[in-house]
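Inspection log for the structure reproduced underneath, given as structure tokens.
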Amino acid sequence: MGLDTYAVKKGQGEDKYIRLDDSLFEDIKYPLCGGMFSGQGNGSSFRGKVYDSFIKTISGVSLYQELMSSEDIEEIIRSLKIVLCENINKNIEFIKSADYDISTDEVYSLLKWFSVVHKNNGNVMGWW
């Protein structure tokens, strides 16, 4: 089964949650993997199944959550920064050698995506 991951914020009335505006994610240079229901991966959603194993390995947080806590979002950001900023050559080799099938550019995009969500007081919602 697949997983689509959405950046959302609390809505009003019947709209319990609404997606963050795609324009907030325009600075992400390398698109994340998109899906049938998660667009092209260049906005407020991406194909979470592609990145779940990597995110879980580095942070201990699964993307398979209906609604992620702000603490989990912060842990993912912290972990991505460690992978990208501390001993970058070793960690790039880790990304390449592991069976994640994602690029270093995608890891930078994940950091930017989760940072945008956090900066805008958003939440991360999974749908599968």
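The values are calculated or read from the model by the stated rules, or taken from the named source; none is laboratory data. None of the values given here were measured: they were computed from a predicted structure.
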For region 39-68, give me each residue that is over 24 Å from Glu26 (Cα atoms) and in a loop (DSSP other than H, G, I, E, B). Gly60, Val61, Ser62, Tyr64, Gln65, Glu66
Does region 28-41 contain any residue that is modelled with pLDDT of 95 or more and under 10 Å from the mean Cα position of the chain (by Cα)? no
